[in-house]
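These notes concern the structure reproduced below.
The values are calculated or read from the model by the stated rules, or taken from the named source; none is laboratory data. Everything numeric here is computed off the predicted structure, so don't read it as measured data. Ideal geometry is used to build each Cβ from the backbone, glycine not excepted, and the neighbour counts take in all protein chains shown.
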Amino acid sequence: MEQLRVVDFTGTQIKLAQSARRIVCLTAAGLDILLELDLEPVGYLTKGVANNPEFYGERAKQFKPVGSWIAPNWKAVRKLNPDLILGWSFPHRFYRRWLGNAAPLYLMGGTGYKAALQRLRDVAQLTNRVSQAEAAVIQFENRLENYCSAIPTQEYKTVLFMGGSSLNYLSRKFMIETNIGTFGSIMRKFSHYPWVEPEKYNNEPGLTNISLQQILEVDPDVIFVQTYPPSKASLSKQLSVNRIWQQIKAVQTHKVYEIDQLWHSGNGTRMMGITLDKIMPLIYPDFITPYNKSLGAN
C-alpha cells in the first residue's frame, strides 16, 4: 500500500504506512473531525467536550483519559498504542519530542473556516475517509450558500463575537474574534463584521483585545458573548451596570446573547454548522426559522 502523506500546520510531514484507526485526540477540533469522518478516538482529554450531546455523549465513557489539553500524559498516550495523535500547534508542538515517540503527531492550526476544511481533509487522507470528508465539506458549504441566499445585502446586521472573564471586566479589555477568525470569516459572508485583525497582535491570530469604548464606536446590532473562568456570573451580567456598555445598540435592543462552545470547540465543520443554526435566527429572525430556542437574550 502506498504511504499516506500530509503536511501539518507546522510544516511537518506526517507519513503513515496504512490508514490510522487507533487515534488519540488532544483537541476539540480533532473530535469534530473524527465525528465527521464517523470515527472515535481511543483516547481523549481527562476533561473536555467529548461527552456533550453535540459530540459523542455516553459513548465518550469508553475513551481513555490522557491528561489535560495543556499537559497531556504522554505515558497514558503511549499505552494506547495509537496510529495517530491529533493535537493543536499550541501547546502540543512543545510535546512533539515525547508524543512523537508514540505515534505520528498531526498538529492543527490556522484561522478562518477554510483552515478547518483543510484540517478535515488532511485527517481524512490519513484515515482513508476522503469521501466522508468531502460530503461534510459539501454539506457545510451548502449551508453557507443557503444563508447567503436568505439574507438580503441591505438587511445585513453588524455583529460582534466577544468573550472574557471577571479579570477582563476588571481590566476593561475584552477578547473579540477578528475578521480572520473562524466565525469572523464566516459572518463576513452575510453580515457586517468590521473587527479587523490588527497588524500587530499579542494573542493568537484571529483574536484580539479591545475596550468597551472601541465597541461602542462601532455600535454593533448583535453581540454574542462567551464567559470564561473564573467568572461565576455571566460576562454580560457583569457588564450590565457599566455605563458605556449600556449605550451600545445591541444592549439597548436586548440583542446580547450568551453562547457556549463558540471559539474553543467551534473549529470544525460540525460545530460551526450547529452554532450557525443556533445564532442565525437570533441575528435575522425575519429571514431565518429558529433552529434551537435554548439560547436566550440577556
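Some notes on this structure:
- Taking the numbered list (1) modelled with pLDDT of 95 or more; (2) within 20 Å of G273 (Cα to Cα); (3) touching a Ser or Thr at 6+ places or on another chain (Cβ under 9 Å); (4) not aromatic (F, W, Y) in turn, R119 passes all entries but (3).
- Condition check for I14 on (1) touching a Pro at 6+ places or on another chain (Cβ under 7 Å); (2) surrounded by fewer than 17 Cβ atoms within 10 Å (Cβ to Cβ): one failure, at (2).
- Residue count, the range 72-91 (criterion: within 21 Å of T12 (Cβ to Cβ), surrounded by fewer than 21 Cβ atoms within 10 Å (Cβ to Cβ) and either within 23 Å of the chain's Cα centre (by Cα) or not hydrophobic (A, V, I, L, M, F, W, C) (or both)): 6
- Unmet requirement for A136, which otherwise passes all of (1) part of a helix (DSSP H, G or I); (2) out of contact with any Leu (no Cβ under 8 Å at 6 or more places or on another chain); (3) modelled with pLDDT of 90 or more: (2)
- Identity of the residue in the range 60-71, outside any loop (DSSP other than H, G, I, E, B) and within 17 Å of G87 (Cβ to Cβ), that ends up farthest from the chain's Cα centre (by Cα): K64
- Here the range 92-108 is the region considered, the condition is being surrounded by fewer than 18 Cβ atoms within 10 Å (Cβ to Cβ) and in contact with a strand residue (DSSP E or B) (Cβ under 9 Å, 6 or more places away or on another chain), and the residue that is modelled with the highest pLDDT is R96.
- Considering the range 235-264, the residues that are outside any strand (DSSP E or B) and under 20 Å from the mean Cα position of the chain (by Cα) include one that is surrounded by the most Cβ atoms within 10 Å (Cβ to Cβ), namely L235.
- Selection from the range 17-59 of residues that are of a type in the set (D, E, K, R), free of Cβ contacts under 8 Å to residues at least 24 places away in the same chain, surrounded by fewer than 15 Cβ atoms within 10 Å (Cβ to Cβ) and outside any helix (DSSP H, G or I): K47
- Scanning the range 162-217 for residues that are among the β-branched types (V, I, T) and closer than 27 Å to R270 by Cα returns I176, T178, I180, T182, I186, V196, T208.
- The numbered conditions (1) under 17 Å from T269 (Cβ atoms); (2) not in a strand (DSSP E or B) are all true for L86 except (2).
- Check on A60, over 24 Å from V137 (Cβ atoms) and at pLDDT below 95: no
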